[in-house]
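Enquirer: Got a structure for you, questions after.
The values are calculated or read from the model by the stated rules, or taken from the named source; none is laboratory data. As the structure is a computational prediction, the values presented were derived from the model and not from experiment. Here Cβ is always computed from backbone atoms with ideal geometry, including for glycine, and neighbour counts include all displayed protein chains.
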Amino acid sequence: MNKIANEDELVKKALQVGAVYAKKRAYGEVEAQDSVKLKVEFVYRVLVEDKLIQPLAKDQVSDPNMRHKLALWISRQLPAGHPLLSEKK
C-alpha cells in the first residue's frame, strides 16, 4: 500500500463528505467529540455497507488501511483539477 499524495487532506475531505452522506442515508451523525479513528471507521463502514467501496480483507482491517481506502474513494469523487489531487510541492 503506497501512500498517495495529500492523503491526510484527502482523508479529512472524505470524512466531511462521508459524514454528510451518512446523515442523508439515516445511518447517524458524526459527533464533534468523536475521535478521528472512530469517524474513519464509521464512514468506512457506511461506504462498505452501501457498496461504494470494496471492503478490506478481515485480516487487513486497520486504521491506516481504512484511511487509505477513504482517500482513494474521495480522490475518485473529486472533479479533475481539484487542488487536493495535485502533487505537493
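Enquirer: What is the residue count in the range 16-38 for residues that are within 22 Å of ALA5 (Cβ to Cβ) and either touching a Leu at 6+ places or on another chain (Cβ under 7 Å) or loosely packed, with under 15 Cβ neighbours inside 10 Å (or both)? Outline the logic, then answer.
Expert: Start the filter on the range 16-38 by keeping residues that are within 22 Å of ALA5 (Cβ to Cβ), which leaves 16-18, 36.
After this cut, where a residue has to be either touching a Leu at 6+ places or on another chain (Cβ under 7 Å) or loosely packed, with under 15 Cβ neighbours inside 10 Å (or both) as well, the list is 16, 18, 36.
The total comes to 3.
Enquirer: Just give me the residues in the range 7-32 being of a type in the set (A, V, I, L, M), in contact (Cβ under 8 Å) with a residue 40 or more places away in the chain and touching a Lys or Arg at 6+ places or on another chain (Cβ under 8 Å), in sequence order.
Expert: Here is the first cut: in the range 7-32, the ones of a type in the set (A, V, I, L, M) are 10-11, 14-15, 17, 19-20, 22, 26, 30, 32.
Next cut, in contact (Cβ under 8 Å) with a residue 40 or more places away in the chain only: 10-11, 14-15, 17.
Within the range 7-32, VAL11, LEU15 qualify.
Enquirer: If you don't mind, another one. Name every residue in the range 41-89 that is aliphatic (A, V, I, L, M) and in contact (Cβ under 8 Å) with a residue 24 or more places away in the chain, in order of residue number. Let's see the steps before the verdict.
Expert: To start, the set of residues in the range 41-89 that are aliphatic (A, V, I, L, M) comprises 43, 46-48, 52-53, 56-57, 61, 66, 70-72, 74, 78, 80, 84-85.
Across the range 41-89, the qualifying residues are VAL43, VAL46, LEU47, MET66, LEU70, ALA71, LEU72, ILE74, LEU78, LEU84, LEU85.
Enquirer: Hey, another quick one. Taking the range 1-11 on its own, how many of its residues are over 21 Å from GLN60 (Cα atoms), at pLDDT 90 or above and crowded, with 18+ Cβ neighbours inside 10 Å?
Expert: First pass over the range 1-11, keeping only residues over 21 Å from GLN60 (Cα atoms): 5-6, 9.
Next cut, at pLDDT 90 or above only: 9.
Filter once more, keeping what is crowded, with 18+ Cβ neighbours inside 10 Å: none.
Residues that pass the stated criteria total 0.
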